Amino acid sequence: MNALIKAALDTGFIDLGFAEWLPMKGLQIKNLEKLDQSASGVYIMHFDNKIQKIGKSSASLYRRLKGYARFDSDSLAHPVTGSDKTSQRQRKAIAEAGLSGLYVLALQPNRTLLDFNMLQIKEVQVLSFDAHSFEQKLIRRARADVSNNPLKFGS
C-alpha cells in the first residue's frame, strides 16, 4: 500500500469508498453522510495505489465533495467553451489515465468551544487544524514520492 495513503488511514481519514466517474457528469462520491455538512476539511483521491488529487475546503468539505458530481459537465470542462480550468484539467487526467473513478479519503477537524471571559465572549469555535495549511503540507509530502503520487487530477 502507498505509504501516504496508509498513514492517512492510520491518522483517522474516513474512507468514503470508490467514486465512479460518469462522463459528462463527474465523480459520484458516496457515503457523504459520514461527514459533518458544515465543517471544513481535506481529502485525498487515489486509484491503483497512486494519489491523483489532494484538496480541501475551508468552508464545507461536504459541499466541496458533493460538487464533484457535476465537474465534468461541458459548461465547466469542455476544452474550448468550458469555464473552469480545474474541471478541464480533471477531465484530461481522467481520460489520459483511463480512470473509472477514484477512491476518496476525507478528514475534518475536531471542533471545540473556547470562552474568552476577559472579553465577555463565550463559545468561540476552535478547530484542531486549518484545512488550507494541512492541504499544502499534504501536497508537499505527496510530491516527495512522485512515482506513487502523480497528482494529475488538479493538485
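With the convex hull built on the Cα atoms of the stretch 39-78, state its orientation-averaged projected area in nm². Numbers along the way, then the final one.
Details: hull surface 13.7 nm².
If you wrap the Cα atoms of the stretch 39-78 in a convex hull and average its projections, you get 3.4 nm².
With a 1.4 Å probe and every protein chain left in place, tell me how much accessible area Lys92 has, in Å² to the nearest 10.
Approximately 120 Å² of Lys92 is accessible to the 1.4 Å probe.
What is the spread of the Cα atoms of the stretch 86-155 along each of their three principal axes, largest first, in whole Å?
On the principal axes, the stretch 86-155 reaches 58, 24, 19 Å in Cα extent.
Please compute P(r) over all alpha-carbon pairs of the stretch 1-67, binned at 10 Å starting from zero, and give each bin as a whole-number percent.
19, 53, 27, 1
Measure up Lys66/Lys137; Lys6/Lys50; Lys6/Lys34; Lys34/Lys56; Lys25/Lys66; Lys30/Lys92 against 18 Å on the Cα-Cα distance and list the ones that go over. Before the final figure, lay out each step's value.
Numbers: Lys66/Lys137 24 Å; Lys6/Lys50 12 Å; Lys6/Lys34 20 Å; Lys34/Lys56 16 Å; Lys25/Lys66 12 Å; Lys30/Lys92 23 Å.
The pairs that break the limit, which is 18 Å between Cα atoms, are Lys66/Lys137; Lys6/Lys34; Lys30/Lys92.
Just how much of Val80 is accessible, in Å², when a 1.4 Å probe is used and the result is rounded to the nearest 10?
120 Å²
Please list, in chain and number order, the residues 5+ apart from Ala19 or on another chain whose amide H is under 5 Å from its amide H, with Hs placed from the backbone.
Leu102, Tyr103, Val104
Check Lys25: other-chain or 5+ apart residues with amide H under 5 Å from its amide H, H built from backbone geometry?
Asp72
Amide H neighbours of His78 under 5 Å, counting only residues 5+ apart in sequence or on other chains, H built in-plane at 1.01 Å?
Ser83
Output ³J(HN,Hα) for the stretch 139-149: one whole-Hz value per residue in order, computed from phi by the Karplus curve 6.51 cos²θ - 1.76 cosθ + 1.60 with θ = phi - 60°, and x for Gly and Pro.
4, 4, 5, 5, 5, 5, 10, 4, 4, 9, 9
Can you tell me the alpha carbon radius of gyration of the chain divided by the globular rule-of-thumb value 2.2 N^0.38 Å? Please list the in-between numbers first.
Values: Rg = 16.9 Å, N = 155, 2.2 N^0.38 = 15.0 Å.
Working it through for the chain, the quotient is 1.13.
Taking the Cβ of Lys92 as the centre, find all other residues whose Cβ is under 15 Å away and add up their charges (Lys, Arg: +1; Asp, Glu: -1). Working shown, then result.
On the way: positive: Lys53, Lys85, Arg89, Arg91, Lys152; negative: Asp72, Asp74, Asp84, Glu96.
Cβ neighbours under 15 Å give a net charge of +1.
Which order do you get for Glu123, Glu135 if you rank them by accessible area with a 1.4 Å probe, largest at the top? Don't jump to the answer; show the numbers that get you there.
Working: Glu123 125, Glu135 20 Å².
Accessible-area ranking of Glu123, Glu135, largest first: Glu123, Glu135.
The values are calculated or read from the model by the stated rules, or taken from the named source; none is laboratory data. Since the structure is predicted, the reported quantities are computational estimates derived from the model, not experimental observations. Using ideal geometry, Cβ is built from the backbone for each residue, glycine included, and neighbour counts are taken over all protein chains shown. Heads up: the accessible areas ignore ligands, DNA and RNA and are worked out on the full protein's heavy atoms, side chains in. Shrake-Rupley method; radii C 1.70, N 1.55, O 1.52, S 1.80 Å.
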